Amino acid sequence: MQLTDLTMLELAAKLAERAVSSEEATRACLERIRQVDSKVRAFLRVDEEGALAAARASDARRKAGSPASALDGVPLGLKDIFLTEGVETTAGSRILEGFVPPYDATVVRLLKDAGLPLVGKLNMDEFAMGSSNESSAYFPSHNPWDLARTPGGSSGGSAAAVAAREVFGALGTDTGGSIRQPAAFTNTVGLKPTYGRVSRYGVIAYASSLDQPGPMARTVADTAALLQLIARHDPQDSTSAAVETPDYQADLEAGVRGLKLGVPREYFIEGIDPEVEASIRETLREYERLGATLVDVSLPHTKYALATYYLLASSEASSNLARYDGIRYGQRAKDARGLKELYALTRERGFGPEVKRRIMLGTYALSAGYYDAYYLRAQKVRTLIREDFTKAFQQVDAVLSPTSPVPAFKLGEKVDDPLSMYLMDVFTLPCNLAGLPGLAVPCGFTKAGLPVGLQILGRPFDEARLLRIARAFEREHDFFRRPAPL
Amino acid sequence: MALTLEQVRHVATLARLALTPEEEQRFTTQLSAVLDAVAQLQSLDVEAVEPTSHATLAASLLREDVMKPSLPPEKSLANAPAKSGTSFAVPKIIE
Amino acid sequence: MPVSDFQPVIGLEVHAQLLTQSKIFCGCSTAFGAEPNRNTCPVCLGMPGVLPVLNQRVVEFAVRTGLALECTVKKTSVWSRKNYFYPDLPKGYQITQYDLPICEYGRLVIDTPQGEKVIRVRRIHMEEDAGKNVHDAGGGQSLVDLNRAGVPLLEIVSEPDLRDADEAVEYLKTLRDVLMYLGVNDGNLEEGSFRCDANVSVMPKGSSTYGQRCELKNLNSFRFLKQAVEYEISRQVDVIESGGKVSQETRLWDVNKGVTRSMRSKEEAHDYRYFPEPDLPPLHVSDEAIDAAAKALPELPRAKLTRFMSQYGLPAYDARILTAERPLADFFEACAAHYADGKKLSNWFLGELMRLLKEEGTPLSALAFTPAQLAELLGAVDKGTVSSNAGKDVLGEMFRTGKAPSDIIAEKGLAQVSDTGAIEAVVDDILAKNAGEVEKYRAGKKQVFGFFVGQVMKAMKGKGNPALVNDLLKKKLGD
Ligand SMILES: [Zn+2]
């Protein structure tokens, strides 16, 4: 067994006993990256120097008996959407190539303050727009379970790096499923917290009313531990919730006996992969065996979520991405003649096709004469989708479903078919529209050996219960012990 | 709903994207398809429904009127593609 | 039709920078005149990942202004993004308020030659200022300075209730006085912290349909506002008279040429694509906060003017000057607390004090003497301890040194002689020396009286109490 096979909490225990040093753990990650990342291509850049310096500082604290946190010294990776002071941050886009931020995102500062060495920046769909990592301006990442397949997106690099055991955990962001879908594709755990639970300050915005950073790890307990570090009210984020952070480990092992778990009939639709459906059904039966009650629930507006999401997310994105103009930072079309060309050429060359497509859609949906028909109407349907969940949660403690209708698909398979690509998110994006917490946990494999993930959705700020439900299943299987065939 | 090439060009101008002719064609087709797909929302009766623009429970967060240190200009301008002194430089603006 | 057959219709949009320490959404300084981009941070530079956090003082100032202009202050207002591309707009959108502003439906009373007139205020909203482009920096370049980006602004929009350039100027002056009284704005048009755009249209007299309007920019003085509006009115009338149509456009006041000209760059169809700002939840202002602001509202210029007239018995002219600026009004009232005759006090303010303030360039806040001392001086003049002319010298000395008037009078020997016996002796002496003139006087040449007064005062080095001198002369001359 290698050092990198340990879970975060196992490593933390060894660091606490001083059986292992953070520098050793960090070097083990760096070595693993050297071995496998040429195949997985999870990293956009590795910050070896910074990570080792942080590891040595952590070791000094451990030696002095004053660790900064329970995870002090555990190496972590960051989706390239989090601003890191002094370390290039691109959001997977050409337009930000060479951009070196002058400040740290709030969550990055929290992780640094907690003593975690940050190994590097992980690949992603450009500006988090995509479900396969193929819209990254640099290269696609590969799924460690089948290198011909996508690790999902947009936090695909993060999921791939965790699954390939290049890092012990990572942070991703989730706007319409970008943490949960890659987690489901890679046999890892991903949690999208309640909107407002984790600060968005310093996280490059895609769709501000939907974006939410969250932890990705190999186990539920690791996910809980990581969430513990980043779930904080942030006075620099006006949408951050001033809600107490509970102890996410406290009830982790409490099981599901007596819980009512909702099964939404609208989530078992035509087009869902039979093996995925079978795996989820089996998981539901297992929850019954573990003492939970399954309740049939209806979320009647689910079929409108996709259209609602694409209108709202694209509209917000068209505005959020207006700042990339080549004036203050990032790439500029140096040959532009005049100001007009400066804008139009910089943006034409700097953005990839998926980003341009969404900017176009969003600009159109907000433009004069179309606002009411598209944007405003989508906001109203968003209300209906939220109300669906409010009603469901009057009956049940959580809602269970597949995370994705299919297992990881082949790279290149859907890249020219935006609509079929958008359908990949159909189960994950209602959660963002409603602002709810959602968690993906491994629940089995297809015959071809591709991971399947269960999605658990909960009430606002009910992350602890989601983790507890996920843990009840995980404890029975330990799928996370199974290494990807690299 | 089918978008016209003219509409695509107008939107590209608003969005400051110098699309190639090939992109204009492709986006006309693709965005028309997306608009067809989102047209299903038109069938819902949302007359009496309030729009949701924020998914947050957060109340208005206010900060005190207190000055905080700014960035030194060399940091503010460190990523600038073109600068002059401590100003960002752009091609001459014609009013 | 001549110009006089047309009715101009004017509305003003005023942008007032709020007197906060820090910007509206970040902690950078709002100070004017720093080196370019010295007062910038990731937030106001529009760096990736940044988020706005609202300065609560901006809300306080908006509520205060709304109450002063008798607006409805909304308990919930909403932030929006106004999307457009320009180098001085770092995020590619301006955070502003659009369909749900913080204040609506107010009014401001102005004076016109026909008497008082109510100008309705349509709305007041908060927003962030843009930076500054230096258009022609040489080398085919323009430069961008973002120090001003994110400075808080109030936009105050009037209804098109103004009917000529003079009313527009009067409205703008009155509004400026109110904002300065409230302590929310410094009223500086030249530095651009108090800016005004004018919407101008004309229609035939008696019509109730407004004509097509033009928006005038670059009106950074009251004079330019008057000139630009007058020019624009006659331009529009000319267009209509020659059979043309006024087209809706933005026009710039050209100070050098004295004309308004079309801004071609703004003519492109704008589509600002407003939508609710997702990074800022709706703003809630509690009833308690509104009540507290209403209680803390200072007396406003117009109310103060009326009160000065009745309480101190002042004519409107005096009251207007004394209440034009709050510090002067406050100082007047402090003096009036020690001195009962308001009109006399006002005469000293309008005459000697304002002359000194202007000549010496001293701000009122730096005055060396106290209200009680000024009252003491005026009392001394009343009692005849010092002549009115000498009193002016005393005030000048007080102004420069801050010494008590009694000390100055004593030091300089400025006290009047009011001792009847002493004056009588001098009068007798002068009459004795000028027997010929006395003859003439008694023969009816009354104008010689002035000569006697002059001789007595000269002999007394100007310190004789004029009233006593007069009385005694008349008595001795047998009148
Ligand atoms: Zn700032």
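The values are calculated or read from the model by the stated rules, or taken from the named source; none is laboratory data. Here the structure is a predicted model, which is why all the values come from computation and not from measurement. Ideal geometry is used to build each Cβ from the backbone, glycine not excepted, and the neighbour counts take in all protein chains shown. Keep in mind that these areas ignore ligands, DNA and RNA; they rest on the heavy atoms of the full protein, side chains included. Shrake-Rupley method; radii C 1.70, N 1.55, O 1.52, S 1.80 Å.
Looking at region C:134-185 only, could you name the residues that are open to solvent by less than 10 Å² (accessible area, probe 1.4 Å) and either within 16 Å of the ligand (Cβ to nearest atom) or without any contact (Cβ under 8 Å) to a residue 24 or more places away in the chain (or both)? Passing the criteria: C:Val144, C:Leu146, C:Ala149, C:Gly150, C:Val151, C:Pro152, C:Leu153.
Checking A:Leu384, A:Leu342 one by one, the residue that is open to solvent by less than 40 Å² (accessible area, probe 1.4 Å), in contact (Cβ under 8 Å) with a residue 24 or more places away in the chain and of a type outside the set (Phe, Trp, Tyr) is A:Leu384 and no other. Counting residues in region C:36-46 that are more than 21 Å from B:His54 (Cβ to Cβ) and more than 15 Å from the ligand (Cβ to nearest atom) gives zero.
Within region A:411-418, one or more residues are closer than 14 Å to A:Pro182 by Cα and outside any helix (DSSP H, G or I).
Residues that are in a helix (DSSP H, G or I) and open to solvent by 20 Å² or more (accessible area, probe 1.4 Å) within region A:287-325 comprise A:Glu288, A:Arg289, A:Lys303, A:Tyr304, A:Leu306, listed in sequence order.
Evaluate region A:317-329: report whether one residue or more is in contact (Cβ under 8 Å) with a residue 12 or more places away in the chain and in contact with an Asp or Glu (Cβ under 7 Å, 6 or more places away or on another chain). There is no residue in region A:317-329 that is in contact (Cβ under 8 Å) with a residue 12 or more places away in the chain and in contact with an Asp or Glu (Cβ under 7 Å, 6 or more places away or on another chain). Answer yes or no: is there a residue in region A:327-335 that is of a type in the set (Ser, Thr, Tyr), in contact with a Lys or Arg (Cβ under 6 Å, 6 or more places away or on another chain) and within 14 Å of chain C (Cβ to nearest Cβ). The answer is no; no qualifying residue exists.
The set of residues from region B:64-82 being over 24 Å from the mean Cα position of the chain (by Cα) and surrounded by 19 or more Cβ atoms within 10 Å (Cβ to Cβ) comprises B:Asp65, B:Ser70, B:Leu71, B:Pro73.
Considering only region A:368-384, I want to know if a residue exists there that is touching a His at 6+ places or on another chain (Cβ under 6 Å) and part of a helix (DSSP H, G or I). Checked against the condition, which is being touching a His at 6+ places or on another chain (Cβ under 6 Å) and part of a helix (DSSP H, G or I), region A:368-384 yields at least one hit.
Just to be sure before I move on: is C:Arg320 open to solvent by 70 Å² or more (accessible area, probe 1.4 Å) and closer than 30 Å to C:Val63 by Cβ in the structure I sent? Yes: the conditions hold for C:Arg320. In region C:115-127, of all residues being of a type outside the set (D, E, K, R) and more than 16 Å from C:Asp177 (Cβ to Cβ), the one that is surrounded by the fewest Cβ atoms within 10 Å (Cβ to Cβ) corresponds to C:Gly115.
When we screen C:Ser29, C:Ser22 for residues that are of a type in the set (S, T, N, Q), surrounded by fewer than 23 Cβ atoms within 10 Å (Cβ to Cβ) and within 11 Å of the ligand (Cβ to nearest atom), the only hit is C:Ser29. Considered as a group, the residues in region C:279-308 that are of a type in the set (Val, Ile, Thr) and either touching a residue at least 24 places away in the same chain (Cβ under 8 Å) or within 14 Å of chain B (Cβ to nearest Cβ) (or both) include one that is nearest to C:Thr323 (Cα to Cα), and that residue is C:Ile290.
Would it be correct to say that B:Val66 is within 16 Å of the ligand (Cβ to nearest atom) and within 28 Å of C:Leu51 (Cβ to Cβ)? So B:Val66 fits the description; yes. If I filter region A:198-236 down to residues being within 24 Å of A:Ala305 (Cβ to Cβ), open to solvent by less than 10 Å² (accessible area, probe 1.4 Å) and of a type in the set (Gly, Ala, Ser), which single residue comes out as farthest from the other protein chains (Cβ to nearest Cβ)? Looking at residues that are within 24 Å of A:Ala305 (Cβ to Cβ), open to solvent by less than 10 Å² (accessible area, probe 1.4 Å) and of a type in the set (Gly, Ala, Ser), I get A:Gly214.
Screening A:Glu244, A:Glu253, A:Glu270, A:Glu282 for residues that are open to solvent by 70 Å² or more (accessible area, probe 1.4 Å) and within 14 Å of chain B (Cβ to nearest Cβ) leaves exactly one candidate, A:Glu244.
In region C:384-435, counting only helices (runs of 4 or more DSSP H) that sit wholly within it, none holds 2 or more residues that are aromatic (Phe, Trp, Tyr) and open to solvent by less than 40 Å² (accessible area, probe 1.4 Å). A residue that is in contact with a strand residue (DSSP E or B) (Cβ under 7 Å, 6 or more places away or on another chain), of a type outside the set (Gly, Ala, Ser) and either free of Cβ contacts under 8 Å to residues at least 60 places away in the same chain or within 16 Å of the ligand (Cβ to nearest atom) (or both) can be found somewhere in region B:73-85.
C:Ser310 falls short on exactly one of the conditions (1) touching a helix residue (DSSP H, G or I) at 6+ places or on another chain (Cβ under 7 Å); (2) closer than 26 Å to C:Val109 by Cα, and that condition is (1). So, C:Ser29, is that one free of Cβ contacts under 8 Å to residues at least 12 places away in the same chain, among the hydroxyl-bearing types (Ser, Thr, Tyr), under 22 Å from C:Asp186 (Cα atoms) and facing chain B (nearest Cβ under 9 Å) or not? Yes, satisfied.
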